[in-house]
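Written below as structure tokens is the structure these notes are about.
Values in this text are rule-based calculations from the coordinates and carry no lab data. These numbers come from a predicted model, not from an experiment. In this analysis, Cβ positions are derived from the backbone assuming ideal geometry, glycine residues included, and neighbour counts consider all displayed protein chains.
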């Protein structure tokens, strides 16, 4: 097998491992969101960001390999089927299928997490609005309102 294809398989395997880590973090985030553990959610977000950076670097390496393979095989467009015409690479196809499956699982889990998080933020905003309305109402019914604080004129001589 061509060394470029082997490097591509290794690069994609490493990315598959990173995507599995990302999936595990997405599942962990769902659990932390259910238990309202905001600190853990923040930690998971930071960990996901670090892994995303590694994935970006891996994608750049795989992209370079893909370009080299296109040039080496004189392909107009890179595809697994075009690659398999030149090399027997069932492992590469298998890795790509696994990558697609894991990415779909991540998208589904992250979509659920995002909806849950948006709902939680909306609930917090409603609670804050209710609190502010209550504070305004309590302030309006104070027996001796403060002279300072409101931008309106108070005629104290009357």
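Determine, from the Cβ-Cβ distance of residue 43 and residue 98 and an R0 of 35 Å, the FRET efficiency 1/(1 + (r/R0)^6), rounded to the nearest 0.05. Kindly include the intermediate steps, with their values, before the conclusion.
Numbers: r = 27 Å, r/R0 = 0.78.
The pair residue 43/residue 98 has a calculated efficiency of 0.80.
Tell me, what is the percent relative contact order of the chain, built from C-alpha pairs under 8 Å that lie six or more residues apart?
Rounded, it is 32 percent for the chain.
With angles folded into 0 to 90 degrees, how steeply does helix 3-34 sit against the dominant principal axis of the chain? Use alpha carbons for both and round to 10.
Long axis of 3-34 versus the principal axis of the chain: about 20 degrees.
If each Cα of segment 52-105 is one equal point scatterer, what is log10 of I(q)/I(0) from the Debye formula at q = 0.14, 0.17, 0.19 Å⁻¹?
Ignoring solvent entirely, the Cα scatterers give -0.44, -0.63, -0.78.
Which stretch or stretches of segment 64-96 have amide N atoms under 14 Å from the point lying 7 Å from residue 7's Cα along the Cα→Cβ direction?
Residues 64-73 fall inside that zone.
Tilt of helix 38-73 relative to the longest C-alpha principal axis of the chain, in degrees (0 to 90, nearest 10)?
The angle comes out at about 30 degrees.
For 45, 96, 25, what's the fewest-to-most ordering of other Cβ within 10 Å of each Cβ?
Fewest-to-most ranking of 45, 96, 25: 45, 96, 25.
Could you give the radius of gyration (one decimal) and Dmax (whole number) of the Cα atoms in segment 1-61, in Å?
Expressed in Å, the Cα Rg and Dmax of segment 1-61 come to 15.0, 51.
Treat the count of other C-beta atoms within 10 Å as a stand-in for reagent exposure and order 41, 80 from fewest to most.
Details: 41 20, 80 14.
Lowest count first: 80, 41.
Would you mind computing the Rg to Rh ratio of the chain from its alpha-carbon coordinates, Kirkwood style for Rh?
Ratio of gyration radius to Kirkwood radius: 1.37.
Calculate, in nm to one decimal, what residue 70 and residue 86 gain on full extension: separation in residues at 0.36 nm each, minus their alpha carbon distance. Kindly include the intermediate steps, with their values, before the conclusion.
Values: separation 16, 0.36 × 16 = 5.76 nm, distance 1.15 nm.
The residue 70-residue 86 span can extend by a further 4.6 nm.
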